[in-house]
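K.L.:
Got a structure for you, written out below as structure tokens; questions coming shortly.
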Amino acid sequence: MKAVRVHEYGGRDKMMFEDVDRPSPGPDEAVVSIEAAGVNYIDTYHRTGLYPLNLPFTLGLEGAGVVDAVGERVDRFSVGDRVAFANGQGAYAEYGLCQADRMISIPNGLDFGTAAAAMLQGMTAHYLSHGSFALQPGHTALVHAGAGGVGLLLTQMAKRLGAHVISTVSTDAKAELSSGAGADDVILYTQADFKDEVERLTGGAGVDVVYDSVAKDTFERSLACLRARGMLVLYGQSSGPVTAFNPKALSDGGSLFMTRPTLGNYIASREELEQRAGDVLQWVADGSLSLRTEHDYPLAEAVEAHRALEGRKTTGKVLLIP
Ligand SMILES: NC(=O)c1ccc[n+]([C@@H]2O[C@H](COP(=O)([O-])OP(=O)(O)OC[C@H]3O[C@@H](n4cnc5c(N)ncnc54)[C@H](OP(=O)(O)O)[C@@H]3O)[C@@H](O)[C@H]2O)c1
């Protein structure tokens, strides 16, 4: 089968589109014939070795498709079932592997591309808005990268929970998309200092929570945007990691809170996985959560998909189609 493999950490030139044996399932695993694979920022960290995996490996955590084979202990799913997953292995391929207890059935009427697009970023937006900092009416949230994959979904969920949303984006076109997702105020952070704008928009009060996926370029000013006892949810590092942090900044900013969450801890149990995936897929199916999936690439063009994502060219979800 064809797969996108990494033999050596590095740039996009280290992504090899090559022939490899089909995976076979371990006792608790399933092999899934991939119809659509999700591209996520974390894939670029696996590629560069920032988050190392054992070499060589096939990229991709997220996918949707049809169960092709199951291990001997799997009874939850059977060959032929339509499934999606957000933490499998080797989804940038014609066939990927996943622990069966990490897979979710795709509801009738939902296509594979939609299911793959909803899983990782949808469940991330879900735990950020319902778990890390549970939004309520009256809260004001600052959402960075508001037109990104997570950003568009997080904005919609925050609005659904009754919060006021201020987003940041880099271009006018992204500003339009972010407003369309429900952001009440959109800051073009390439043109104005977002800290000054937040101060102006909140009358100096600051926001209750900042959801920051950009990190290096935004971190210090994100802390400065918070009201006393507000919370910084630092969940990504698209501009690079935060390398120096003195906890005293939290007291200086007004007894602030900070968390650095990852999805895995918020879908650790089968129950929590089913609850978050169930909500997200249900909202997509009933039309109350809209997904933007206008960046589909053939599997052979995974390099281009990474180039677009890292080059801030994408909005919403990026998919690879084998
Ligand atoms: N912790 C978790 O559980 C978790 C789960 C999923 C994703 N994440 C993280 O969340 C972030 C967003 O993921 P995503 O897949 O939805 O990506 P994305 O937001 O669609 O794409 C990244 C966006 O970040 C913004 N950005 C700002 N500075 C950037 C820079 N120097 N280089 C590249 N992009 C920059 C860009 O938007 P503008 O052009 O508008 O600035 C860009 O479009 C990633 O950092 C990812 O690792 C974390």
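The values are calculated or read from the model by the stated rules, or taken from the named source; none is laboratory data. This one's a predicted model, so the numbers in the text were calculated from it and none came from an experiment. Virtual Cβ from ideal backbone geometry, glycine too; neighbours counted across all protein chains shown. Side chains are part of the model used for accessible areas, which takes the heavy atoms of the whole protein and leaves out ligands, DNA and RNA. Shrake-Rupley method; radii C 1.70, N 1.55, O 1.52, S 1.80 Å.
K.L.:
Pick out, in residue order, every one of the trypsin sites (Lys or Arg not before Pro) in segment 12-67 that is DSSP loop and has at most 10 other C-beta atoms within 10 Å; say none if there are none.
P.N.:
Within segment 12-67, no trypsin sites (Lys or Arg not before Pro) qualify (loop, at most 10 other Cβ atoms within 10 Å).
K.L.:
Let me ask you something else. Set Lys and Arg Cβ to +1 and Asp and Glu Cβ to -1, take the dipole of the chain about its Cα centre, and tell me which of Ser269, Asn246, Leu291 lies farthest positive.
P.N.:
Highest projection toward the positive end goes to Asn246.
K.L.:
Moving on. State the Cα centre-to-centre distance between segment 1-25 and segment 212-268 in whole Å.
P.N.:
When both Cα centres are located, 34 Å separates them.
K.L.:
Measure out, as a whole number of angstrom, how far apart the alpha-carbon centroids of segment 275-313 and segment 130-197 sit.
P.N.:
Cα centres, segment 275-313 to segment 130-197: 18 Å.
K.L.:
Would you list Glu8, Glu271 from the most to the least accessible area, probe 1.4 Å?
P.N.:
Solvent-accessible surface, decreasing: Glu271, Glu8.
K.L.:
Between Val242 and Ser255, what length in nm is gained on full extension when 0.36 nm per residue of separation is reduced by their alpha carbon distance?
P.N.:
Result: 2.7 nm gained on full extension.
K.L.:
Which three lengths, in whole Å and largest first, does segment 125-195 cover when its Cα atoms are put on their principal axes?
P.N.:
31, 22, 17
K.L.:
Something else about it: How large is the charge dipole for the chain, taken about the Cα centre, if only the Cβ atoms of Lys, Arg (+1) and Asp, Glu (-1) carry charge, to the nearest 20 debye?
P.N.:
700 debye
K.L.:
Over 21 Å between Cα atoms: which of Lys195/Lys216; Lys2/Lys313; Lys159/Lys248 fall into that group?
P.N.:
Long pairs (Cα-Cα over 21 Å): Lys2/Lys313; Lys159/Lys248.
K.L.:
Considering only segment 81-230, what is the antiparallel percent among its DSSP beta bridges, to the nearest 5?
P.N.:
So the antiparallel bridges in segment 81-230 amount to around 20 percent.
K.L.:
On to the next question. Which order do the peptides 124-132, 195-203, 254-262 come out in when sorted by mean C-beta neighbours inside 10 angstrom, highest first?
P.N.:
Taking the mean over residues of other Cβ atoms within 10 Å, the ranking is 124-132, 195-203, 254-262.
K.L.:
Another question, if that's okay. Just to check, using Stokes-Einstein with a Kirkwood Rh over alpha carbon pairs, what's the diffusion coefficient of segment 8-71 at 4 °C and 1.567 mPa s in µm²/s?
P.N.:
98 µm²/s
K.L.:
Please turn the phi angles of segment 200-208 into ³J(HN,Hα) values with the Karplus equation 6.51 cos²θ - 1.76 cosθ + 1.60 (θ = phi - 60°), one per residue in order, whole Hz, x for glycine and proline.
P.N.:
Rounded to whole hertz, the list is 5, 5, 9, x, x, 6, x, 9, 6.
K.L.:
Rounded to the nearest 5, what % of DSSP beta bridges with both residues in the chain are antiparallel?
P.N.:
Bridges in the chain that DSSP calls antiparallel: roughly 55 percent.
K.L.:
With every protein chain present, what is the per residue accessible area of segment 1-49 (1.4 Å probe, Å²)?
P.N.:
42 Å²
K.L.:
Could you look at segment 1-120 and say what percent of its accessible area is carbon and sulfur, using a 1.4 Å probe and all protein chains?
P.N.:
46 percent
K.L.:
Under a 5 Å amide H to amide H cut-off, with H placed in plane at 1.01 Å, what residues pair with His164 once short-range neighbours are removed?
P.N.:
Under 5 Å from the amide H of His164 lie the amide H atoms of Gly138, His139, Thr140, Ala141, each far enough along the sequence or on another chain.
K.L.:
Write down the Kirkwood hydrodynamic radius of the chain, to one decimal in angstroms, obtained as one divided by the mean of 1/r over all alpha carbon pairs.
P.N.:
20.0 Å
K.L.:
Leaving out ligands and nucleic acids, note down the accessible area per residue over segment 149-262 with a 1.4 angstrom probe, in whole Å².
P.N.:
That works out to 44 Å² for each residue.
K.L.:
Using 7 Å Cα-to-Cβ label points, what is the Ala228/Ser78 separation (nm, one decimal)?
P.N.:
Rounded to a tenth, the inter-label distance reads 6.3 nm.
K.L.:
Extension gain Arg270-Lys216, at 0.36 nm per residue separation less the Cα-Cα distance, in nm?
P.N.:
Full extension from Arg270 to Lys216 adds 16.1 nm.
K.L.:
Oh, and also: Rank Asn87, His46, Val74 by how far each Cα sits towards the positive end of the charge dipole of segment 1-114 (+1 on Lys, Arg Cβ; -1 on Asp, Glu Cβ) and give me just the farthest.
P.N.:
Among Asn87, His46, Val74, the one farthest towards the positive end of the dipole of segment 1-114 is His46.
K.L.:
May I ask you to give the percent of accessible area on segment 195-322 that is carbon plus sulfur, with a probe radius of 1.4 Å?
P.N.:
47 percent
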